[in-house]
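Read the figures in this text as sums done on the coordinates, not as results from a lab. Bear in mind the structure is a predicted one, so any value in this text is a computation, not a measurement. With ideal geometry, Cβ positions are generated from the backbone for all residues, glycine too; neighbour counts draw on all protein chains shown.
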Amino acid sequence: MTLLDRIAREDSLPTNERVGGHLVQNAITIYVHGHVTRNQMINFFNIPGGMLTDFDKFKTKYDSLNTVGKGNWLLDLDSSITLLQAGILNKAKFNNILGLDLDET
């Protein structure tokens with residue numbers, strides 16, 4: 001199981017391992033804006049050590065963007081999570097749209 005599997009709400013995962021799309025998007029938004037800490041996010045989503053590298057890629061990508069890019073990226077994040085969970089986007093396209101390289105296996 002990967003972090004991207006949890007975000008995609010893969011059918012093979014137990015229900016308690018799947019993460020709601022709006023919950024993820026909103027939590028990442030307040031995290032990158034500095035309103036909650038990395039540890040709070042890890043504890044809230046129960047992110048195991050093997051997924052931390054992928055988790056950190058969200059903030060690293062956000063921090064690398066200019067002000068306009070950051071706003072656009074958050075909009076793309078919201079749309080991409082919704083479309084990934086609906087099965088319209090695959091994991092590779094999700095990574096491509098957001099400029100991430102999350103584990104897709």
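Using label points projected 7 Å from each Cα along Cα→Cβ, tell me how many nm separate residue 38 and residue 76, to one decimal.
Calculated label separation equals 2.3 nm.
Might you report the magnitude of the Cβ-based charge dipole of segment 1-59 about its Cα centre, with Lys and Arg at +1 and Asp and Glu at -1, to the nearest 20 debye?
200 debye
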